[in-house]
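Here's the structure we're looking at; comments come further down.
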Amino acid sequence: MGLIKKKKRRIIPYVVVAMIILAGVGSILFYLFMLKDDSRQVREAAYHFISILENKDYEKLGDVLAKQSYSSLDYTLEEVINKYERIYNGIGIHDIRASNIRIEKISNKEQELSYQLSFTTPLGKLEHLDYRTQIIKEDGLYMVKWDPSLIFPGMEGKDKVEFHYWKAERGEIKDHRGNGLAVNEDFKEAGIVPKDLSQGNEKEERIQNISQQLNIPVEEIEQKLNQGWVKDDLFVPIKIIESDKAEVIPGISYRTIKQRYYPLKEAAAHLIGYVGKVTKEDLDKNHDLTEDDIIGKAGLERAFDKELRGKDGGEIIIVGENGERKQEIQKQEKADGETIQLTIDRYIQLEAFRHLKGKPGATIVMNPKDGGLYAVVSSPSYDPNKMVQGISLEEYDAYAGDENKPFISRFAIGYAPGSTFKTITSSIGLDAQVTYPDKLREINGLSWQKDKSWGGYSITRVSDVQNVDMRKALIYSDNIYFAQEALEMGEEVFRDGLNKFIFGEEFDLPIAMKPAKISNQPEFKSEILLADTAYGQGELLISPIQQAAMYSVFQNEGKIVYPRLLVNDKLKVKSAITASTANEMKKWLEEVVKDPNGTAHLLYNPKFQLAAKTGTAELKMQQGEQGDENSFLLAFDTEQASFLLLSLVEHYTAGSSATQLNKSFIEDLYQYLDE
């Protein structure tokens with residue numbers, strides 16, 4: 001018994017020691033667990049706060065901000081949230097990204113959080129702004145200690161942030177003499193301050209009167225007055241009108257605004273284009289744009305939008321509670337848009353358009369020596385000012401429903417060039433020594449086919465002239481003669497000559513245009529197609545601008561002068577035919593005007609040295625049927641090479657051929673360019 005009692009006494013101390021050791025280990029493990037849990041909570045608080053900033057979820061700030069921190073600065077949670085929203089959303093700050101996030105322990109109840117923010121403002125990117133705060137334990141939870149410097153470094157107390165935006169003025173488009181083609185002018189914006197409409201019947205009568213005077217449907221006016229932001233004393237924009245047309249209308253107020261204006265109106269609409277407000281699609285494509293931006297929507301306004309728009313400027317600054325300037329956050333000087341100066345001549349552009357008399361067509365007038373385009377006209381047209389000032393649905397539908405398609409830029413569309421192209425066929429034949437001026441072809445009748453392999457297909461001509469040489473062929477515009485010349489040349493020689501021109505080439509012009517095309521396939525694989533191509537039909541597709549460039553060889557010793565639209569663009573030329581051939585052709589094209597039988601004799605004036613070639617391209621589904629015809633005119637000055645004109649009239653009728661419409665215009669051109 002005594003021995004057993006002694007053993008028990010020895011065992012008890014060991015058990016106590018073991019229990020003490022286990023308790024100590026448990027305390028250490030518990031302490032380590034608590035440290036680990038605290039660290040996790042700190043990280044969660046920090047990253048939750050960062051996530052709120054990046055996603056602009058400011059309504060969740062109450063989940064992470066220590067109440068005592070902002071209340072001690074005399075802020076409520078609602079005021080903190082509103083301050084973020086007014087500054088970040090009000091300025092338009094986006095793409096917020098945090099980096100270099102660090103958490104360092106200061107004490108058991110406090111850790112320091114540091115990070116950098118980068119984001120984009122309307123003035124550009126702001127990168128790596130340094131932020132620093134503490135994460136403290138409040139009511140058992142780790143929370144972010146807040147003060148205004150967490151909005152922008154340097155803010156304190158009741159500081160505010162101001163954004164001053166400096167809008168760049170859009171650059172203007174001018175002609176080579178400095179005349180405005182797209183300008184910024186003062187306009188009157190008509191609007192309604194609702195309280196000025198009175199009440200009851202008088203209000204209805206005033207709206208009816210406004211509707212009639214400004215040509216705006218009553219429903220549209222009421223829709224604008226019922227917008228959510230409208231208040232009784234706020235100006236509600238209704239319509240933009242020219243300053244000299246602002247009349248006194250009961251209930252209407254006016255304010256002056258800058259607006260884009262196009263002095264040539266319809267005469268240059270397809271070339272110059274117009275501007276308009278950005279759409280969601282525009283914003284998705286270009287993140288540099290803002291919702292209030294005006295951008296080019298068509299024509300050169302669109303092609304040169306970046307240069308014309310310039311770069312807006314402004315500054316973001318911290319100001320004290322009393323409005324005193326304290327700190328600059330970001331500043332960007334504005335840069336007004338560039339002035340774009342064109343080779344276009346305002347007078348020539350207007351007159352070229354006027355002489356088309358609204359017929360579907362196009363006219364190009366070019367300086368053949370330097371390639372400068374004096375006029376690039378498409379008809380019929382639309383008024384681009386309506387697009388800027390606000391076009392009514394009725395007006396737009398009238399344009400869209402017009403069978404002559406006034407929105408199409410006909411100067412950039414490919415057409416079969418018709419008989420004007422015979423000048424090219426003649427030139428290739430002369431250089432290939434297949435064609436020569438006194439070579440005669442015996443042609444009988446008004447139709448011809450090579451042999452019976454052509455089946456029912458034959459080539460027709462207008463005049464039954466026998467013993468046809470090149471002079472007669474050009475004067476009478478003989479399809480059969482040129483078809484026979486091309487067949488004698490053969491496809492290889494003829495196509496090789498064509499390839500020296502501009503087929504398949506992209507022009508360095510700010511105008512969307514498909515390259516000129518000889519045929520649908522690399523080879524004709526048909527004598528009929530070869531023959532038809534020789535007199536400007538077949539599968540040829542050449543825009544009026546491209547035709548003008550091709551025909552410049554006759555005033556430039558056989559060199560093509562590429563068209564230019566900007567005064568500072570460099571001259572570009574390439575050889576297509578020999579100088580002797582060019583001069584020979586120029587001589588015979590003068591005969592087309594001088595000879596009483598010439599198709600361009602209507603243009604003859606003994607005071608001018610004019611060369612010309614007319615053309616028609618017939619549009620029909622099969623031989624034998626009567627098809628519409630497009631009328632063409634190539635005309636150029638041979639004495640001083642002062643101009644080259646290429647005009648097209650679609651589906652022309654008697655009395656409205658390109659030659660007839662441009663007769664007086666050519667006379668005006670000579671007088672204007674001489675002066």
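The values are calculated or read from the model by the stated rules, or taken from the named source; none is laboratory data. This is a predicted model, so every value here is computed, not measured. Glycine also receives a Cβ, built like all others from the backbone with ideal geometry; neighbour counts cover every protein chain displayed.
The set of residues from segment 487-529 being of a type in the set (A, V, I, L, M) and in contact with a Ser or Thr (Cβ under 9 Å, 6 or more places away or on another chain) comprises MET489, LEU498, ILE511, ALA512, MET513, ALA516, ILE518, LEU529. If you check ALA600 against the conditions, is it touching a Ser or Thr at 6+ places or on another chain (Cβ under 8 Å) and either under 30 Å from LEU300 (Cα atoms) or in the same structural domain as THR653 (by TED's automatic domain parsing) (or both)? So ALA600 fits the description; yes.
Selection of strands (runs of 3 or more DSSP E) fully inside segment 558-648 by the criterion of at least 3 residues being touching a strand residue (DSSP E or B) at 6+ places or on another chain (Cβ under 8 Å), within 27 Å of ASP496 (Cα to Cα) and at pLDDT below 95 returns 610-619.
Being surrounded by 21 or more Cβ atoms within 10 Å (Cβ to Cβ) and more than 33 Å from the chain's Cα centre (by Cα) narrows it down to one residue among ALA483, ALA516; which is it?
On the way: ALA516 fails: more than 33 Å from the chain's Cα centre (by Cα).
Checking each option against the conditions leaves just ALA483.
Would you call GLY418 of a type in the set (Gly, Ala, Ser), on the phi > 0 side of the Ramachandran plot and touching a Leu at 6+ places or on another chain (Cβ under 7 Å)? For GLY418, the condition - of a type in the set (Gly, Ala, Ser), on the phi > 0 side of the Ramachandran plot and touching a Leu at 6+ places or on another chain (Cβ under 7 Å) - is not met. Per the listing GLU54, GLU112, GLU79, the residue uniquely outside any loop (DSSP other than H, G, I, E, B) and either free of Cβ contacts under 8 Å to residues at least 12 places away in the same chain or in contact with a Gly (Cβ under 9 Å, 6 or more places away or on another chain) (or both) is GLU79.
In segment 422-457, how many residues are assigned to a loop (DSSP other than H, G, I, E, B), of a type in the set (S, T, N, Q) and touching a Phe, Trp or Tyr at 6+ places or on another chain (Cβ under 7 Å)?
Filtering segment 422-457 down to residues assigned to a loop (DSSP other than H, G, I, E, B) leaves 432-440, 442-446, 449-451, 455-457.
Going one step further and asking which of them are of a type in the set (S, T, N, Q), we end up with 433, 435, 444, 449.
Pick out the ones that are also touching a Phe, Trp or Tyr at 6+ places or on another chain (Cβ under 7 Å) and you get 449.
Summing the residues that are assigned to a loop (DSSP other than H, G, I, E, B), of a type in the set (S, T, N, Q) and touching a Phe, Trp or Tyr at 6+ places or on another chain (Cβ under 7 Å) in segment 422-457 gives 1.
Examine segment 593-612 for a residue that is of a type in the set (Lys, Arg) and under 29 Å from GLY538 (Cα atoms), and state whether such a residue exists. Scanning segment 593-612 turns up no residue that is of a type in the set (Lys, Arg) and under 29 Å from GLY538 (Cα atoms). In segment 38-70, the residue that is surrounded by the fewest Cβ atoms within 10 Å (Cβ to Cβ) out of those that are basic (Lys, Arg) and within 21 Å of ASN100 (Cα to Cα) is ARG40. Selection of segment 122-149 for residues being touching a strand residue (DSSP E or B) at 6+ places or on another chain (Cβ under 6 Å) and either β-branched (Val, Ile, Thr) or not in a strand (DSSP E or B) (or both) yields LEU123, THR133, ILE135, ILE136, VAL144, LYS145, TRP146. Considering segment 265-296, and only residues there that are closer than 30 Å to GLN212 by Cβ and modelled with pLDDT of 95 or more, the residue that is surrounded by the fewest Cβ atoms within 10 Å (Cβ to Cβ) turns out to be LYS265.
In segment 326-385, of all residues being among the acidic types (Asp, Glu) and in contact with a Phe, Trp or Tyr (Cβ under 7 Å, 6 or more places away or on another chain), the one that is farthest from LEU308 (Cα to Cα) corresponds to GLU351. Scoring ILE87 on the criteria (1) more than 23 Å from LYS158 (Cβ to Cβ); (2) surrounded by 13 or more Cβ atoms within 10 Å (Cβ to Cβ) leaves a single failure, condition (1). Looking only at segment 222-233, decide whether some residue is within 17 Å of GLN389 (Cα to Cα) and β-branched (Val, Ile, Thr). Among the residues of segment 222-233, not one is within 17 Å of GLN389 (Cα to Cα) and β-branched (Val, Ile, Thr), which makes the answer no.
Given the residues GLU169, GLU185, GLU189, GLU202, which is the only one that is free of Cβ contacts under 8 Å to residues at least 40 places away in the same chain and either under 23 Å from LYS239 (Cα atoms) or not assigned by TED's automatic domain parsing to the domain that holds ALA303 (or both)?
Values: GLU169 fails: free of Cβ contacts under 8 Å to residues at least 40 places away in the same chain; GLU185 fails: free of Cβ contacts under 8 Å to residues at least 40 places away in the same chain; GLU189 fails: free of Cβ contacts under 8 Å to residues at least 40 places away in the same chain.
Only one candidate passes the filter, namely GLU202.
Under the condition of being surrounded by fewer than 15 Cβ atoms within 10 Å (Cβ to Cβ) and in a helix (DSSP H, G or I), the residues counted in segment 489-501 number 2.
Note on segment 307-346: residues that are surrounded by 17 or more Cβ atoms within 10 Å (Cβ to Cβ) and either out of contact with any strand residue (DSSP E or B) (no Cβ under 9 Å at 6 or more places or on another chain) or under 30 Å from VAL365 (Cα atoms) (or both) total 10. Annotation: of all residues in segment 129-154 being farther than 16 Å from SER72 by Cα and in contact with a Ser or Thr (Cβ under 8 Å, 6 or more places away or on another chain), the one that is surrounded by the fewest Cβ atoms within 10 Å (Cβ to Cβ) is ASP130. Only residues that are in contact with a Leu (Cβ under 6 Å, 6 or more places away or on another chain) and on the phi > 0 side of the Ramachandran plot were counted across segment 450-487, and they come to 1.
Filtering GLY251, GLY296, GLY314, GLY276 for residues that are part of a strand (DSSP E or B) and touching a Leu at 6+ places or on another chain (Cβ under 6 Å) leaves a single hit, GLY314. Please find, within segment 185-228, the residue that is surrounded by the fewest Cβ atoms within 10 Å (Cβ to Cβ) out of those that are part of a loop (DSSP other than H, G, I, E, B) and within 33 Å of the chain's Cα centre (by Cα). That would be GLY228.
Here the condition is being touching a residue at least 60 places away in the same chain (Cβ under 8 Å), closer than 16 Å to TYR84 by Cα, in the same structural domain as LYS56 (by TED's automatic domain parsing) and not β-branched (Val, Ile, Thr); of PRO153, PRO148, it holds for PRO148 alone.
Against the list (1) among the hydrophobic types (A, V, I, L, M, F, W, C); (2) surrounded by fewer than 21 Cβ atoms within 10 Å (Cβ to Cβ); (3) in the same structural domain as SER575 (by TED's automatic domain parsing); (4) at pLDDT 95 or above, the condition ALA303 fails is (3).
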